[in-house]
1. How charged is the neighbourhood of Ala150? Take every other residue with its Cβ under 13 Å from the Cβ of Ala150, and add Lys/Arg as +1 and Asp/Glu as -1.
2. In what order do Ser47, Ser162 fall by count of nearby beta-carbon atoms within 10 Å, going from fewest to most?
3. Which value in Å is the Kirkwood Rh of region 42-187 over different Cα pairs?
4. Which links in Lys84/Lys127; Lys62/Lys124; Lys74/Lys111; Lys48/Lys124; Lys124/Lys186 stretch past 25 Å when you go from one Cα to the other?
5. For every other residue with a beta carbon closer than 12 angstrom to the beta carbon of Lys91, add +1 if it is Lys or Arg and -1 if Asp or Glu, then tell me the sum.
6. Fewest Cβ neighbours within 10 Å first, please rank Asp160, Asp126 accordingly.
7. What's the local net charge at Lys139, with K and R +1, D and E -1, over the other residues with C-beta under 12 Å away?
8. Restrict the search to region 90-155; then list the GluC sites (Glu not before Pro) that DSSP places in a loop and that have at most 11 other Cβ atoms within 10 Å of their Cβ.
Amino acid sequence: MTLNFKAIASKLTLVLLAGGAWWLAEMLNPKDAVEHKVERDNIDYYSKNITRTVLTTEGTPKEMLFAEMMTHFKGDDDRTELDKPIQTLYKKDGQPWVIHSEEGTLLDGGKVVLLNGNVLITRKNDKGEELQIITSNVKYIPEQDYAETAEHVKMLGPNDASTGTGAQVNFEPFLVINLLADVRRKHEIR
């Protein structure tokens, strides 16, 4: 029995090339595209430039949500994805809070709102001066008028600037903001 090393080497090369081509195809095939297609198949409904207003029992606006794109997905988690949402929280007394974020996710029919990416929260006082809270990745619970983040937070107000890591915010019955760590404050006296 004579071994033909050239034939064996060429067959081994073909097997290695086939295996390499398969591996390369697996690496170049974006798994996100496959997962995205599966997710797209789970879309229940979507809407562009949507505005949703929630009223109090007295019939006055409690909150309003605007999003450039809203996509609701089928499934047990009742999840809705939002592009560039703007959430307005009306106060019983005074100006509303306005929350802007890059993306948002409503979970459990809107009982939990995850604001992803950069988040800007603003409110004007009675003098027209604006308070700004600049952060990212906020969890908001509408029924409790409560929001929290573990990210860096910058608060800018009239003659006041504070920074810290992590925050807990209660919007009602009155505003309470707790910065959790690395807190710095600069206050200018008029």
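Each reported figure results from applying straightforward, stated rules to the coordinates on display, with no laboratory input. Because the structure is predicted, anything quoted here is derived from the model rather than measured. Here Cβ is always computed from backbone atoms with ideal geometry, including for glycine, and neighbour counts include all displayed protein chains.
1. Working: positive: Lys139; negative: Glu148, Glu151, Asp182.
Local net charge: -2.
2. On the way: Ser47 13, Ser162 18.
Ascending number of Cβ neighbours within 10 Å: Ser47, Ser162.
3. Numbers: mean 1/r = 0.0628 Å⁻¹.
Computed over Cα pairs of region 42-187, the Kirkwood hydrodynamic radius comes out at 15.9 Å.
4. The answer is Lys84/Lys127; Lys48/Lys124.
5. Details: positive: Lys62, Lys92, Arg123, Lys124; negative: Glu63, Asp93, Asp126, Asp145, Glu172.
Neighbourhood net charge equals -1.
6. Working: Asp160 12, Asp126 8.
Fewest to most other Cβ atoms nearby, the residues stand as Asp126, Asp160.
7. Working: positive: Lys111; negative: Glu148, Glu151.
So the surrounding residues net to -1.
8. Numbers: sites: Glu102, Glu103, Glu129, Glu130, Glu143, Glu148, Glu151; in loops: Glu129.
Taking region 90-155 and a limit of 11 other Cβ atoms within 10 Å, the loop GluC sites (Glu not before Pro) found are Glu129.
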